[in-house]
Amino acid sequence: MAAISFAGERHALAAGETVLECLERTDHEIPFSCRNGTCLTCMMRLRTGTLPEASQAGLREGQKQQGYFLPCVCRPNVDLEIEAPADAELFGRAMVSEVTQLTLSVCRLRLRTATPLFYHAGQFINLRRGDGLVRSYSLASVPRFDDALELHVKRLAGGRMSNWICHELAVGEPLDIQGPNGDCYYIGGEPDRPLLLIGNGSGLAPLYGILRDALADGHKGPIHLYHGSRTAMGLYYGDELQALAKANKNFQYVACLSGDEGGAVPGARAGRAETVALAEHRDLSGWRVYLCGYPPMVQTAKKLAFLAGAALQDILTDAFELRDLRRLRRD
């Protein structure tokens, strides 16, 4: 049975146990969020031993070479000696430049970094506040246009970070950031390829960045963006998206309402965003599909997009499920 050595202690792993689960069981406080290798919050570093290949999936090549890995998906079959990375290796510093309520439940957070952050629109960063709480948020900003990083934060009952950001965080306060991470972003070089963008709630954030990046890159193929919410209150940036649709003949924006307010937003389709989008686009052969938002929507839409002919490698996703909010109903 494999064992891990961490902070001067040696612990045997139970059958099928991940490194993160072992450290939790033995009372080590390790930051984590998604538990599935997506958010990179729990990243650690190998000192000795051999890592399973899956434990480094999604990391940049430089991070792999330095021994970084994701303990939440690491199930080693040999002994490992591991350590927590130094803050300076993973986190940089940013300053809050704006906190604006977009709706009753979504606020826009803008950050200015101490040093330039090189990223693709649609990627995500991890935010850490002073007490060590870490959460992941996708980037709505586009490097070529925006001086500040733009994040859209959905406020949920019981959400420790989201409520703090929307109601307590003030302009001028510092935050630690880690990233950029993720591969859900615009891929240039194929200007005629059709693009289908589907999101719900604050999943609009990465799609808004991807859309503007594609248009700025001169994308000529059709771009369809479907943004869904259970209530009219959950729809935002409608004016901005309509303006982009008027200025770009190849772009169409569709708002979708899945609750009982189908007539509350002029032009909105009744139904869930993924249902409406995939009913209107039944053949996705050759399309690139972007899916962002609540994980059940993303999972369902990914399956339906594949069945409609989209290649798996052309279905790019950005879905997060925070550990303290899994049971809450979403807009």
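Candidates are the residues of region 102-134 that are of a type in the set (S, T, N, Q) and part of a strand (DSSP E or B); the one that is farthest from Pro174 (Cα to Cα) is Asn126. Of all the listed residues (Gly286, Gly263), the sole one being modelled with pLDDT under 90, of a type outside the set (A, V, I, L, M) and either in the same structural domain as Gly122 (by TED's automatic domain parsing) or surrounded by fewer than 22 Cβ atoms within 10 Å (Cβ to Cβ) (or both) is Gly263. Considering region 1-101, the qualifying helices (runs of 4 or more DSSP H), each wholly inside and each with 2 or more residues that are touching a residue at least 24 places away in the same chain (Cβ under 8 Å), run over 19-25, 87-90. If the condition is being closer than 12 Å to Pro76 by Cβ and in contact with a strand residue (DSSP E or B) (Cβ under 6 Å, 6 or more places away or on another chain), then region 1-10 contributes Met1, Ala3, Ile4, Ser5.
The residue that is modelled with the lowest pLDDT, among those in region 225-245 that are over 19 Å from Val142 (Cβ atoms) and not small (Gly, Ala, Ser), is Met233.
Comparison of Asp192, Asp183, Asp213, Asp146 shows that the only residue that is charged (D, E, K, R), part of a helix (DSSP H, G or I) and surrounded by fewer than 23 Cβ atoms within 10 Å (Cβ to Cβ) is Asp213. Just to be sure, is Gly286 assigned to a loop (DSSP other than H, G, I, E, B), over 15 Å from Gly201 (Cβ atoms) and either among the hydroxyl-bearing types (Ser, Thr, Tyr) or without any contact (Cβ under 8 Å) to a residue 24 or more places away in the chain (or both)? Answer is no for this residue.
The values are calculated or read from the model by the stated rules, or taken from the named source; none is laboratory data. Predicted, not measured: the structure shown is a model, and the values here were computed from it. Cβ sites come from the backbone with ideal geometry, for glycine too, and all protein chains shown count toward neighbours.
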